[in-house]
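Q: Can you read through this structure? Questions will come right after.
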Amino acid sequence: MASRLIDEYFRQSKLPHIWCPGCGHGILMRDVAQAIDNLGLDKHKVVIVSGIGCSSRAAGYMDFDTIHTTHGRAIAFATGIKLAKPELNVIVITGDGDAAAIGGNHLIHACRRNIDLTVVVFNNNIYGMTGGQYSPTTPTGDFGTTAPYGNIDLSFDLPALAQAAGATYTGRGTAFHVPQTVKLIENGIKNKGLSLIDCVSVCPTYYGRKNKKGSAVDMMKWQRDNAVDAKKAASMSEEELKGKLVIGEMYHREKPEYTAEYQKLIEKVGGAK
Amino acid sequence: MASPTKKLCVKPEWCKGCGICVAFCPTETLELKNGKISIAKPESCVACGMCEMRCPDYAVYLTEEGDN
Ligand SMILES: Cc1ncc(C[n+]2csc(CCOP(=O)(O)OP(=O)(O)O)c2C)c(N)n1
Ligand code: SF4
Ligand SMILES: [Mg+2]
């Protein structure tokens, strides 16, 4: 016996999951289920697609039609599923490495197409699964096993990247800010186009330990104490925003959606034979 | 003040002892006992759900009375 939400949407024979004590991925995975539940979606019309990484293990735990694919390719598989059956709600669960490093090209081109996928990034600022290599979202100056003297790269702002590439809904949540993050995922699912929700996770085992961020509780308190809503952030200076984490909805526009355009093309040239 | 309609339940066999629920419970209802979740003061639970929404392991939750 677990809560109704867990009973209904999780493969309990696979629980407890393998994530470390205090890993934010468990909180974010529940947020995805809560968003699906709040929207009252038909379970049989939801597909969860993931790549490879700690985050991508989510596809194994969630009780929907799920597919755990190869590293960086979740969005490519999801594109195929959505084009074959546009009536499905296709949700991609991916990591910062999976989505923005090896899978970065798939990400920007899915955004450019504005295909109706909801990309939920469990962003822990590190490659957790392989032992703490720095990722495209590791903040400058932070440490990873591949940045023993500190990372000199600038990091990606994932919602800004997705918006620039053509996505029509973007936002950022955190492991701490549960109701806000659930709402962003709901809005992302409702948006008819590419939605990207950057969900800042906590990886106490690698990112936290390498960067002396303390326990999972300390890392979540940092999120609580340093998050600034995007609406408020708009009126703050760069100086004031230093060291802060901007959360909330960042962008929402309507643009032609790829599977709908594809269907129109099929009809224009005489229908599928 | 315990909630009249909701019951606090724990599932220690799923708990990994991260302490998130204990830290964010506003009424100090929960504690870790031998590294696992335990209800220290059931009467102080206000059924706010702060623990349930942030437990990464789904080891604490509220049910409607008679739900289970
Ligand atoms: C083609 C390929 N290259 C590299 C790997 C090794 N690998 C597995 S997971 C991973 C990174 C995962 O990082 P992220 O997506 O951020 O997920 P996290 O574990 O942090 O949740 C890498 C490089 C792989 N499995 N396949
Ligand atoms: S290594 Fe990090 S991301 Fe992976 S399960 Fe552990 S805490 Fe979570
Ligand atoms: Mg990662």
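Q: Along each of its three principal axes, how wide is the spread of alpha-carbon positions in region A:115-273, in whole angstrom units, largest first?
A: Result, largest extent first: 61, 36, 26 Å.
Q: Counting heavy atoms of the protein chains only and a 1.4 Å probe, report the per residue accessible area for region B:6-63 as a whole number of Å².
A: Here the per-residue accessible area is 42 Å².
Q: Pop out the carbon and sulfur fraction of the accessible area of chain A as a percent, whole number, probe 1.4 Å.
A: About 54 percent, which is the carbon plus sulfur part of the accessible surface.
Q: Mind computing the radius of gyration and Dmax over the alpha-carbon atoms of region A:2-268? Å is fine for both.
A: 17.6, 59
Q: Separate question: Two-decimal Rg/Rh of region A:130-219 from alpha-carbon positions, Kirkwood Rh?
A: Answer for region A:130-219: 1.03.
Q: Hey, another quick one. Give me log10 I(q)/I(0) at q = 0.19, 0.22 Å⁻¹ for region B:6-63, Debye formula, one equal scatterer per alpha-carbon, no solvent.
A: For region B:6-63, the Cα-only Debye profile gives -0.53, -0.73.
Q: Something else: Taking each residue of A:22-32 in turn, how many C-beta atoms of other protein chains fall within 10 Å of its C-beta, and what is the average?
A: That average works out to 4.
Q: Ranking request for peptides A:174-183, A:230-239, B:56-65, A:149-158: highest mean number of other beta-carbon atoms within 10 Å first, then the rest in descending order.
A: Descending packing order for the listed peptides: A:174-183, B:56-65, A:149-158, A:230-239.
Q: Among DSSP bridges having both ends in region A:2-268, what percentage is antiparallel? Round to the nearest 5.
A: Taking every DSSP beta bridge within region A:2-268, about 20 percent pair in antiparallel fashion.
Q: Amide H to amide H, which residues 5 or more places from residue A:250 or on other chains are under 5 Å from it, using H placed in the peptide plane?
A: The answer is A:170, A:171, A:172.
Q: Other chains' Cβ within 10 Å of B:45-54 residues: what's the mean?
A: Mean partner-chain Cβ count within 10 Å for B:45-54: 3.
Q: Carbon-plus-sulfur fraction of the accessible area of region B:6-63, 1.4 Å probe, in percent?
A: The C+S portion of the solvent-accessible surface of region B:6-63 is 53 percent.
Q: Moving on. Please turn the phi angles of region B:21-34 into ³J(HN,Hα) values with the Karplus equation 6.51 cos²θ - 1.76 cosθ + 1.60 (θ = phi - 60°), one per residue in order, whole Hz, x for glycine and proline.
A: Once θ is set to phi - 60°, the couplings for region B:21-34 become 4, 5, 5, 9, 5, x, 10, 6, 7, 9, 8, 9, 10, 6 Hz.
Q: Per residue of region A:44-55, in order, report the coupling 6.51 cos²θ - 1.76 cosθ + 1.60 (Karplus, θ = phi - 60°) as ³J(HN,Hα) in whole Hz, putting x for Gly and Pro.
A: In residue order, the calculated couplings are 7, 10, 10, 10, 9, 10, 9, x, 10, x, 4, 3 Hz.
Q: For chains B and A, what's the summed buried accessible area, probe 1.4 Å, to the nearest 100 square angstrom?
A: Buried: approximately 2000 Å² between A and B.
The values are calculated or read from the model by the stated rules, or taken from the named source; none is laboratory data. Small disclaimer: the values here were computed from a predicted structure and weren't measured. Neighbour counts are summed over all protein chains in view; Cβ atoms, including those assigned to glycine, are modelled from backbone coordinates with ideal geometry. With ligands, DNA and RNA removed, areas are computed over all heavy atoms of the protein, side chains included. Shrake-Rupley method; radii C 1.70, N 1.55, O 1.52, S 1.80 Å.
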